[in-house]
Structure formats: C-alpha cells, structure tokens
Ligand SMILES: Nc1ncnc2c1ncn2[C@@H]1O[C@H](COP(=O)(O)OP(=O)(O)OP(=O)(O)O)[C@@H](O)[C@H]1O
Ligand SMILES: [Mg+2]
C-alpha cells in the first residue's frame, strides 16, 4: 500500500532542499522563460483565431490575449534592457541584485539547458490542454450564446423540442360565441394563443380527419367541433367503439344538449338491453345493401366470391320480402333460416352471421329509439360499441351505413345539418360508406374521422391503400397529432408544404492539439425543408396538432371542454324473443336443426 502521507512529505522535503540550492534561481528563470514562450504562442494563436469575430466574448478574449501578449513582450523587453544596463554598469542596483544578474547571464547556458526544458515541457502541456479542451468549449459557448438572425432552420431531433411551443391551457368555450357570430367554426389556438377558425360553409363542405395516438387530443378536438355543432342546432351522431365509451365525450355532449334544450340519446351496443330497431322503416334496396356490405357478401376478387354468389342472391330475396316482411333483425334471421331449408349448408355464411347479429340484445326490438329522430330534431345520438365483441364488430359498420342511408334519403340541400363522428374508423368504415362520402356531403352531412395512424385507416371490405386513397381525397381538413409511425409521419410532413430556410455553414479547422474548432466566419445557405418536418411531428407536445387544409399548415392546440364525467344507461325497449334464433345460437355446429 502506498502511504500518501509519507510520499507527500518526501516531495515537500525534496522541494525545500531544491529551493535552498544556490542554483535554484536559475531554474526558476528558465522555467519562466519556457512558459513565457508557450503562453506567447498561445496568445498569438487565440488572437488569430478570433480575428474576424465582432462578438463581445471574442473581443474580450482578443483584448485579454493582446494584454497578455503586451505584458509578456514588455516583460522580456524591460527585463533585457534592465539586465543590460546593470551589466554595462550604467545602472546601480544593490550588490545582491548585481550578483544575481551577472550570475544569470554567466549561467545562461545552464538556464537554457535545465529550467527552460522544464518550462517548455510545462508550457507545452498547458497550451496543449488549453487548445484541446478550453478552446473548443469556448467556441461552443460562443456559438450557443449567439442570438440568431433567423429562426427557420434545419431541425435536429436532439434539439427540436426547443423550437416547439409549450402546451397551452385554455377554455375553448370562451371562443365559441364570437366564432358563431362571425359564421366561423373554432378549431383551436395557434402557438401565439390566437384563435384558428374555419369558415362554416367551407367546414360543411368537407370531412375532417383526426390522426394521432391514444391520449393526444383527438377526443378534445371532437369535443370542440361537436359542441359547436350542438349549439348551431345540428344533428350529431357519434360512433364510439371504445369499450364502455369515451371517458369525456358523452358527458360533454350531454351537458351541451341540456344547455341547448335538445335530446341526448345514448345507445350501448354491448348492453343486455333492447334499444333500437335496425330495420325500422327500411326499404328493400337499403336492406339488401346493408346485408351485402355488412355481411361481406360483395365481390372481393378472391376464390370465395364464387360461394358468395348464392348467399348474395338469397340475401337479395330476403330483402325484397320473398320470405316475409321482417319487423326486426332477429325476425329476419328466423325467416331466412326457415326459407333456407335444405340449402342451409350452402348458405351457412349468411345464416350464421345473421344469427350472430340477431343475438345482439341492443337490436332485439321492433320498436325503441328511432334512428332518424336525431336527423329531424337535432341533438345527439351517441353509440357506444366494442373493439372486441365479434357480433358488435359486425353490427357497427352496418349501423354507420344505416345512418348514411337515412341521410341520403333526405332532399338535397334540405334538412338539418348532420355531423357524424366516427372514432377509430377501422371498426366502422365500409366501402359503401366511403363511396357515399361525396353524396352525404351534398345531403348536408360532414364526417369527422378519427384514427391513430395510416395503418389504422382501413375499412372492413377494402385494403389500406384503397381506404386511404378515398379518405384522403374527401377529407380536406386534417388535424394530426404526435406521430412516431414512420409512414404516417412522412405522410403528414409531405402535406405541410415546403419552406426555404437558412442553413448556417462553417468551416471546421483542426487545431494543433487535434481538436476541431469552428472557424469564426460563418456563411448561410438557403435550403428547402418541410414547413413542419418529421422531427417536429415526432415530438409534438400533447394537445398540439398539425392543422392541414386551413390556410398554411400550422401548429394548433386543442383543449378539453370542462365538465363533470357522468355514466349513462340506455333506455330499454320491448324485447322480441326469437326462439329459433336462440336455438341456433345454442347449437352453432348443427346448422340443419330446425
Ligand atoms: N373534457 C375533459 N376534461 C378533462 N380532461 C379531458 C377531457 N377530455 C379529454 N381529457 C384528457 O385529455 C387527454 C386527451 O384525451 P383525448 O380524449 O383527446 O385522447 P384521444 O386522442 O382521443 O385518445 P384515445 O385514442 O384514447 O381516445 C386525456 O388525458 C384525457 O383524459
Ligand atoms: Mg378519443
């Protein structure tokens, strides 16, 4: 074990011995000369490096370097003159000093060979350290503390958060009245807390797309848009496949309906309560479309299309009333199974799916809530569905389609405006609904579609590309929240347009200590960048989205509408019990049992 105490006492003893040595003073002078030489070199280099920079730290540094240089040179000059004067005898100094000076000069060789070597080594090390560590740090500080002449620049994912705004908290309601007076729809606040609005007529002509991961603000945006719709007297239809429904949206809309004196109708597709009749007032052609799309009986371009021919034909006959006119969906299932008879095996796909639908309690009624009522009288019709229950997943797109059919029945440009919010579109959309996007807009209905990423933008009977293609054409207003999925991020970025930004260029020099130091003169280069690029999109704060389609793309903050969360219960309707359907569901394998 090393005893540090004894080592340090040995070093101090050796130093004291050296200091008492009559030759020590020569060493000191030699060391000083060596240091002086290297510090002089360093000062010269520093001044040269900062020669063109007008920045105040650089000016200070240059001044300090200059003073140091002047001090060192004067020291050498005056020291030399003084020594020469003393040596020449023209200046009287105490005897002791004369002795020192003459000894100094006479021992110059010794000084150069011993102390100067140590001074040079020490000086070299000091300058090396300063050049390698201190100068690059100083250069970085200089660069960091420079106030930039322009703010649009190329982004860096490590520092992009500094360019993004901090979350803004506000009450959206305070902007509604004025926007309504001006014929606008409030969407949110920009980064300067200025309201962003869209002209009502323009808004009515387009469908809106909300894209973003869970918890980032799609629901808040929907609250803002739908609350204003209720205030304007529009009919609002919400499809919410979240289990148990959204935590806030039904409460916000129910409170707004109460305030506006209109009805809030709540339907829970998973509740064991009969609530509405899907076939209420349905026309044969509508029923046929509903069955063909909802039960996936249309041509898909695959081998199974051949087998679907028979099912499609049978569904058509059922819709035309060939097997009797059903008053509810469970009754339709019974009629079709009875009519199938011997052909049941061939029609299994159709029959089993109808049985599944008939098993959903929510639609086991011939009465109950009238789906068209909301279109006539306004207020809100709120459907809570499911993402897991297979039967409910089958019913949801049919229900959206049924609402679309009811809207398309209305006269062109007449009736109350309808806003339909489809949250998590992949559980709700079908090609029939997509194909009708243009038509329902003409009938006074615009949709708000919400999904997490492009991968989630699918419908039940078409591939991603087809779905995204149709939606992208028909939705001209988009609000996209933080995104990390690369394809979606790129898709958002591409829609924000391009801007010209100044990119700062610098030459890098390698100094003698092998450290890279940027040259002080900078030059700028103009380059093109997406107005809101992928680095920004990946780091957007919660509640902040990229608004596309309302003027230039920009960042927008949505905020929640404050309310007290409530729970809702559906209103029960008289339930129809179809013994045959129940039987079939109990024996799913035995399709021929009547
Ligand atoms: N009215 C409200 N009052 C208070 N907080 C709310 C309100 N509405 C939403 N929030 C909160 O704001 C955040 C974002 O919720 P939002 O419903 O907008 O998410 P989302 O993007 O729709 O996500 P998801 O896909 O899970 O529905 C959540 O933390 C939510 O609890
Ligand atoms: Mg949501």
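Read-outs: derived from the displayed coordinates by stated rules, not from any lab. Every value quoted in this text rests on a predicted model; they were computed, and no experiment measured them. FYI the Cβ positions are ideal-geometry reconstructions off the backbone, even for glycines, and counts take in every protein chain you see.
Points to keep in mind about this one:
- Average projection, convex hull of the Cα set of the range 388-469: 5.2 square nanometres.
- At R0 = 30 Å, FRET efficiency that the Cβ-Cβ distance of residue 44 and residue 502 yields, to 0.05: 0.35
- Rounded to 10°, Cα long-axis angle of helix 135-144 versus longest principal axis of the chain: 40
- Angstrom value of the Kirkwood radius, inverse mean 1/r, which spans all Cα pairs in the range 464-507: 13.1
- In terms of its alpha-carbon gyration tensor, the range 183-249 comes out oblate; a/c meets the 1.5 threshold, while b/c is at least as large as a/b.
- When 170, 427, 203 are sorted by how many other C-beta atoms sit within 10 angstrom of their C-beta, beginning with the fewest, the order is 170, 203, 427.
- Here the Kirkwood formula puts the hydrodynamic radius of the chain at 30.8 Å, using every distinct Cα pair.
- With Cα atoms, 0 to 90° folded angle of helix 56-88 axis to the chain main axis: 10
- Tilt relative to the chain, helix 249-260 - C-alpha long axis, 0 to 90 degrees, to 10: 70
- Each of residue 263 and residue 214 was given a label point 7 Å from its Cα along the Cα-to-Cβ line. The distance between the two points is 3.4 nm.
- Treating r as the C-beta distance of residue 473 and residue 509 and R0 as 56 Å, the FRET efficiency rounds to 0.55.
- Applying 0.36 nm per residue to the separation of residue 435 and residue 159 and subtracting their alpha-carbon distance, the gain on full extension is 95.0 nm.
- Fully extended contour minus Cα-Cα distance, from residue 542 to residue 129, at 0.36 nm per residue: 144.1 nm
- Computed lengthening from residue 8 to residue 95, 0.36 nm per intervening residue step minus Cα-Cα distance: 27.6 nm
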